[in-house]
Amino acid sequence: AQSVAQPEDQVNVAEGNPLTVKCTYSVSGNPYLFWYVQYPNRGLQFLLKYITGDNLVKGSYGFEAEFNKSQTSFHLKKPSALVSDSALYFCAVRGPGQNFVFGPGTRLSVLP
Amino acid sequence: SQTIHQWPATLVQPVGSPLSLECTVEGTSNPNLYWYRQAAGRGLQLLFYSVGIGQISSEVPQNLSASRPQDRQFILSSKKLLLSDSGFYLCAGMAPNVLTFGAGSRLTVL
């Protein structure tokens with residue numbers, strides 16, 4: 001069965017500092033991995049995905065994520081955080097079927 | 001590209017009343033469609049998914065139901081709402097390899 005863990009409930013970072021939001025996964029077969037962002041009272045917005053190819057994936061708004069197969073991780077990163085990046089972030093995995101499994105979410109707060 | 005429309009955006013209903021949330025898809029044909037519920041601004045719970053007209057799979061037993069009367073229409077219903085049905089309901093559609101979400105419908109049951 002597929003599963004996703006986001007070990008940090010909350011991440012606080014100062015504006016201008018690099019940020020990392022962690023994600024580990026478990027899936028049979030090759031994983032399709034995703035990051036989504038959710039602002040208050042809004043739907044989830046797609047940030048980036050890994051399906052195959054380079055382990056470093058670049059996405060929207062300056063975010064990137066690194067796929068690490070040996071550690072089964074897909075951490076989200078940004079070199080310089082903005083206050084407007086404050087939101088809820090979800091990691092998701094899609095296994096052999098059509099359904100996505102989402103992590104519990106990590107709330108990112110970027111402090112001015 | 002695929003766009004998901006959901007309505008109503010906000011709904012306040014008394015316990016025991018019926019519910020109908022509607023979702024329509026623009027930009028793709030015969031997409032897989034999903035209903036999720038998000039409680040207290042946290043994790044997503046998959047409620048139903050559909051791979052085509054009239055085909056509904058339920059992930060969680062509850063007093064909610066879903067229907068897909070047309071290729072691009074997905075409806076979430078209840079005959080009698082419970083307090084525990086309060087939450088943020090999200091419709092999503094599968095574009096190639098990516099799940100696209102609607103803006104959500106916030107349901108408060110009083």
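Which residues, taken from the stretch A:74-105, are more than 13 Å from chain B (Cβ to nearest Cβ), touching a residue at least 40 places away in the same chain (Cβ under 8 Å) and open to solvent by 50 Å² or more (accessible area, probe 1.4 Å)?
Hits for the stretch A:74-105 are A:LYS77, A:PRO79, A:SER80, A:LEU82, A:VAL83, A:PRO96.
For (1) more than 27 Å from B:TRP35 (Cβ to Cβ); (2) away from chain B (no Cβ under 11 Å); (3) without any contact (Cβ under 8 Å) to a residue 40 or more places away in the chain, each residue gets a yes or a no:
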| residue | (1), (2), (3) |
| --- | --- |
| A:SER28 | no, yes, no |
| A:TYR32 | no, no, no |
| A:GLN38 | no, no, no |
| A:THR52 | yes, no, yes |
| A:GLY59 | no, yes, yes |
| A:ASN68 | yes, yes, yes |
| A:THR72 | yes, yes, no |
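Out of the residues in the stretch A:19-70 meeting the condition of being more than 15 Å from the chain's Cα centre (by Cα) and closer than 17 Å to A:GLY103 by Cα, tell me which one is surrounded by the fewest Cβ atoms within 10 Å (Cβ to Cβ).
Looking at the filtered set, the residue picked out is A:SER28.
What strands (runs of 3 or more DSSP E), lying completely within the stretch B:1-103, carry at least 3 residues that are open to solvent by less than 60 Å² (accessible area, probe 1.4 Å) and over 21 Å from A:ALA92 (Cα atoms)?
B:19-26, B:64-70, B:73-78
When A:SER28 is evaluated against the numbered criteria (1) modelled with pLDDT of 95 or more; (2) in a loop (DSSP other than H, G, I, E, B), which criterion, by number, is the only one it fails?
All conditions pass for A:SER28, except number (1).
The values are calculated or read from the model by the stated rules, or taken from the named source; none is laboratory data. Bear in mind that the values here come from a model prediction, so they are computed numbers and not experimental data. Note that each Cβ is placed from the backbone with ideal geometry, even for glycine, and that neighbours are counted across all protein chains shown. When the accessible area is computed, the model is the full protein with side chains, heavy atoms only, and any ligands, DNA or RNA have been set aside. Shrake-Rupley method; radii C 1.70, N 1.55, O 1.52, S 1.80 Å.
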